[in-house]
Amino acid sequence: MPGMKRFLGLTAYQIVILAVLVVMLFFLSDSSVTKRIRYETQIRDLESQIEYYQKLTESDREKLHELRSNDEDLEKFARENYLMKKENEDVFIVE
């Protein structure tokens with residue numbers, strides 16, 4: 001095989017085999033580049049959901065503290081959300 005051309009000390013067959021192995025390694029394996037990108041996107045989405053629910057939890061925690069510490073706020077909350085009323089009141093629902 002003295003007439004075979006070499007590139008970087010490799011024959012054409014070796015370069016083809018190397019290229020196939022690189023493609024298999026980066027695109028067809030369990031840890032492929034496309035799967036890695038997809039997982040990174042899922043991680044970012046889940047982290048944003050975590051942040052959203054942490055803010056929502058903090059907001060609910062503040063509302064709960066207000067309701068537990070002030071009877072007037074608790075009464076207002078019960079009236080608005082559960083349509084409760086005092087004995088001598090009439091409630092009109094407007095939609």
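Every read-out reported here was derived from the displayed coordinates using simple, explicitly stated rules and does not represent laboratory data. Not measured: the values here are computed from a predicted model. Cβ atoms come from the backbone with ideal geometry, glycine included; neighbour counts cover every protein chain shown.
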Counting each DSSP H run of 4 or more residues in the chain as -39500 (n - 2.57), what helix-only mean residue ellipticity at 222 nm follows after dividing by all residues, to the nearest 500 deg cm²/dmol?
-22000 deg cm²/dmol
Full-extension gain in nm, THR57 to THR11, via 0.36 nm per residue minus C-alpha separation:
10.2 nm
When the chain is modelled as a GNM with alpha-carbon springs shorter than 10 Å, which of GLU51, GLU75, GLU40 fluctuates the most?
GLU75
Which of LEU74, THR34, LEU46 sits farthest toward the positive end of the charge dipole of the chain, with +1 on the Cβ of Lys and Arg and -1 on the Cβ of Asp and Glu?
THR34
Once the dipole of the chain is set up with Lys and Arg at +1 and Asp and Glu at -1 on Cβ about the Cα centre, which of SER59, ILE17, VAL91 lies farthest towards its positive end?
ILE17
For PHE92, PHE77, PHE27, order by how many other beta-carbon atoms lie within 10 Å, fewest first:
PHE92, PHE27, PHE77
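Just the projected area, averaged over all directions, of the convex hull on the alpha carbon atoms of segment 15-95: how many nm²?
Numbers: hull surface 39.9 nm².
Result: a mean projected hull area of 10.0 nm².
Beyond 17 Å, what share of the Cα-Cα pairs of segment 37-79 is found? Please give it as a whole percent.
Numbers: 469 of 903 pairs.
In whole percent, the share of Cα-Cα pairs in segment 37-79 beyond 17 Å is 52.
Only four residue types carry charge here, +1 at the Cβ of Lys and Arg and -1 at the Cβ of Asp and Glu. Report the dipole size of the chain about the Cα centre in Debye, rounded to the nearest 20. Before the final figure, lay out each step's value.
Values: 14 positive and 18 negative charges, 314 e Å.
Dipole size: approximately 1500 debye.
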